[in-house]
Structures are given as C-alpha cells and as structure tokens.
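The values are calculated or read from the model by the stated rules, or taken from the named source; none is laboratory data. Being a predicted model, the structure only gives us computed values, none of them experimental. Cβ placement follows ideal geometry from the backbone for every residue including glycine, while neighbour counts extend to all protein chains displayed.
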Amino acid sequence: MCNKILRTLPIAVCAAYLSLTVLPAHAQTSDAKPATGATGEPGKDGQRRTDEFAEAARLVTGPAGSPECVWLGRRVVSLLWRDDLDTAFRHLDLYDRFACPGPHIQQAFRCVVRQGSIDPKAAEALNSRVHACWLNPSTPAQPAAAASAPAGSASTTR
C-alpha cells in the first residue's frame, strides 16, 4: 500500500504543478476586448452580415440564397481564389451537407476569375468581389485598362 502511494505521489505533484502554472499563463493571454467590426464599432460587423444575407436572399433564387449557403459558398470561393484548396474542399463538404447547389459555386468562382487579379494585401477587395459575384455570377468581366488606370491619367516617365 505504501509502495503504491509512493509511486503515485510524484505523478500527482507533477500534475498539480503543471495545472497551476498553465492556468495563470492562459488567463494573462486572453483578451477581454469586445468584438468590433471593420469600422471599429461594436455590432456593426454583425449588422453588415445580416444585411448581406438579407440582400442575398432577395437577389439569389433557390437554396443558394439561404444564409448558410451564402456564408459557406462565399468562403469556398475566397479560399479557392487564395489557393487554399484543402480548406476549400472541407468547406465544400459542409456546403454539400446543407444541400446547397454546387453549380452556384462554379459560376461564382468563374465570375471572380474573369474579373482579373486582385491585390493579395487587399482582403476587402476580394470579399466585395466574391459577394458581388455570389449575388450575380453573370457579372461581365471588367476591361483590363479600366482596372489598372482611368484614361487620361497615365503618367510618363523619362
């Protein structure tokens, strides 16, 4: 009996020590800041998403306009654009599980690709393009000249 206690005592002491040292470190790293949107005001991001889902429900017919299909579908298209195929396929499995239409993903991604390149540092530009293409996948491609610089504003270097 005494031998059994002597074997388990070091294990119990180590477990107690590790749990007591990890908890304060975890408590120090947690942020108690309220959730803020892109504008820096609490609640604005949630309202913007609600408005986007309502707009999609109005403009997109069928199940592709339901909030879960809009959220997952736009996410899949964004991940495909950023070449994160593993994560995109995992989200696509969820998209299929909610009985969302696969062809809408293809059409929206085709629309995003036809629009041309996006600055990788401008995440909001990608999000707005994906949103616009989700609402209307047949959006015409913009000419390359209009995307790079308006006419008459070209500068010459000498």
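Structure summary
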item: Among the candidates Arg74, Arg7, residue that is part of a helix (DSSP H, G or I), at pLDDT 60 or above and either closer than 21 Å to Val113 by Cα or within 21 Å of the chain's Cα centre (by Cα) (or both); result: Arg74
item: Residues within segment 50-81 that are under 15 Å from Val130 (Cβ atoms), surrounded by 14 or more Cβ atoms within 10 Å (Cβ to Cβ) and either out of contact with any helix residue (DSSP H, G or I) (no Cβ under 8 Å at 6 or more places or on another chain) or in contact (Cβ under 8 Å) with a residue 40 or more places away in the chain (or both), tallied; result: 11
